[in-house]
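As structure tokens, the structure follows; a few thoughts come after it.
The values are calculated or read from the model by the stated rules, or taken from the named source; none is laboratory data. Just so we're clear, the structure is a prediction, and the values are computed from it rather than from any experiment. Positions of Cβ are generated from backbone atoms using ideal geometry, with glycine treated the same way; all protein chains shown enter the neighbour counts.
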Amino acid sequence: MEENQEQKRNGADLRAEGSGKTVADAEADALSRLEEIAGPFDRGHIELVVIEEGSKGFLGMGSNLARVEARLAAVAADTEGEAAAGGEDAGETAKERLGRYLEKIIAAIGLEGSVEISEDEEAITGNVTGPNLGIFIGRHGQTIDAIQYIANVISFRGLNDRKRIIIDAEDYRERRAEALESLAERGVNEIEKGLSEYEFKPMSAAERRIIHLYLQDREGVETESEGRDPFRRVIITRTEN
């Protein structure tokens, strides 16, 4: 399972390895795998290390895939200067930036809603309440996921300590997680009936991560992701007991 990739935490230090026919393909694969482990991240904080450039072999035989490791390290100390340099978010905490960002989004799309920001040791959560939030959530959560991705980038710009940013609206995250877990149970049931593997429709990295985590300790099955975004999907396979 992909979440079993090396995960060395030092601040926000995480690693994932990807492979592909070319180095570019391997980089894309590594970034996608890392997002499933770590959630959305600022691409500027990623270090890509080529482990193996790959080779075509002779007449198509003996070819090797390129391998790349993506490393998400703690924010470098020199990025602190970004906040000190000025700008409207200088001196603000990540929590304050998130609240201001969500208020701007709501106003920009013409919604009547309120924003509540909460924080614990693991994450900062921005919850939006109000009528007609379908446009804020988007089809299959595409809009709220995009908003969350950008929030993860801007909320910690120039700051050293990072946490996950979670954007929710009318308990959408909980309802979607329950739906995905139900789909995962359906897939496991099909495997138990004798199907060799069960393939889901393409999903975002955040949704794939929910399924991976939900089934990570389930006996008799394992999960992996295949394909390239936006067509990357989770596959459940049977394991030998």
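Could you grab me the full set of residues in region 16-29 that are over 21 Å from Lys163 (Cα atoms) and in contact (Cβ under 8 Å) with a residue 24 or more places away in the chain? Those that are over 21 Å from Lys163 (Cα atoms) and in contact (Cβ under 8 Å) with a residue 24 or more places away in the chain: Glu17, Gly18, Ser19, Gly20, Lys21, Thr22, Val23, Asp25, Ala26, Glu27, Ala28, Asp29. Looking at Tyr198, Tyr214, just one residue is of a type in the set (Ser, Thr, Tyr), more than 17 Å from the chain's Cα centre (by Cα) and surrounded by 14 or more Cβ atoms within 10 Å (Cβ to Cβ), and that residue is Tyr198.
Residue by residue, here is whether (1) within 13 Å of the chain's Cα centre (by Cα); (2) part of a helix (DSSP H, G or I); (3) not small (Gly, Ala, Ser) holds:
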{"position": "Ala146", "(1), (2), (3)": "yes, yes, no"}
{"position": "Asn160", "(1), (2), (3)": "no, no, yes"}
{"position": "Ser182", "(1), (2), (3)": "no, yes, no"}
{"position": "Val188", "(1), (2), (3)": "no, yes, yes"}
{"position": "Ile210", "(1), (2), (3)": "yes, yes, yes"}
{"position": "Glu222", "(1), (2), (3)": "no, no, yes"}
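Here is a yes/no grid of residues against (1) modelled with pLDDT of 75 or more; (2) more than 26 Å from Glu207 (Cβ to Cβ); (3) assigned to a helix (DSSP H, G or I):
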{"position": "Asn10", "(1), (2), (3)": "no, yes, no"}
{"position": "Ser19", "(1), (2), (3)": "yes, no, no"}
{"position": "Asp29", "(1), (2), (3)": "yes, no, yes"}
{"position": "Leu34", "(1), (2), (3)": "yes, no, yes"}
{"position": "Ile37", "(1), (2), (3)": "no, no, yes"}
{"position": "Val49", "(1), (2), (3)": "yes, yes, no"}
{"position": "Ala70", "(1), (2), (3)": "yes, no, no"}
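Out of Ile137, Ile165, Ile150, one residue alone is touching a residue at least 60 places away in the same chain (Cβ under 8 Å) and outside the structural domain of Pro230 (by TED's automatic domain parsing). It is Ile165. For residues that are more than 18 Å from the chain's Cα centre (by Cα) and part of a strand (DSSP E or B), scanning just region 120-132, find the one that is nearest to Ile210 (Cα to Cα). Of everything passing the filter in region 120-132, Asn127 is nearest to Ile210 (Cα to Cα).
When you look at Gly99, is it in a loop (DSSP other than H, G, I, E, B), more than 20 Å from the chain's Cα centre (by Cα) and not assigned by TED's automatic domain parsing to the domain that holds Pro230, yes or no? It is false that Gly99 is in a loop (DSSP other than H, G, I, E, B), more than 20 Å from the chain's Cα centre (by Cα) and not assigned by TED's automatic domain parsing to the domain that holds Pro230. Applying the set (1) modelled with pLDDT of 70 or more; (2) at positive phi to Gly57 leaves exactly one unmet item: (1).
Residue count for region 164-179 under the criterion of being within 21 Å of Gly99 (Cα to Cα) and among the aliphatic types (A, V, I, L, M): the result is 4.
Restricting to region 197-208, and then to whatever is in a helix (DSSP H, G or I) and aliphatic (A, V, I, L, M), can you tell me which residue is farthest from Gln148 (Cα to Cα)? Explain how you work it out, then say what you get.
Filtering region 197-208 down to residues in a helix (DSSP H, G or I) leaves 205-208.
Of the ones still in play, those that are also aliphatic (A, V, I, L, M) are 205-206.
Values: Ala205: 12, Ala206: 10 Å.
Checking each candidate, the answer is Ala205.
Scanning region 88-114 for residues that are among the hydroxyl-bearing types (Ser, Thr, Tyr) and surrounded by fewer than 17 Cβ atoms within 10 Å (Cβ to Cβ), which turns out nearest to Ile137 (Cα to Cα)? Across region 88-114, the extreme among qualifying residues is Ser114. Per the listing Ile150, Ile154, Ile117, Ile135, the residue uniquely part of a helix (DSSP H, G or I), touching a Leu at 6+ places or on another chain (Cβ under 8 Å) and surrounded by fewer than 19 Cβ atoms within 10 Å (Cβ to Cβ) is Ile135.
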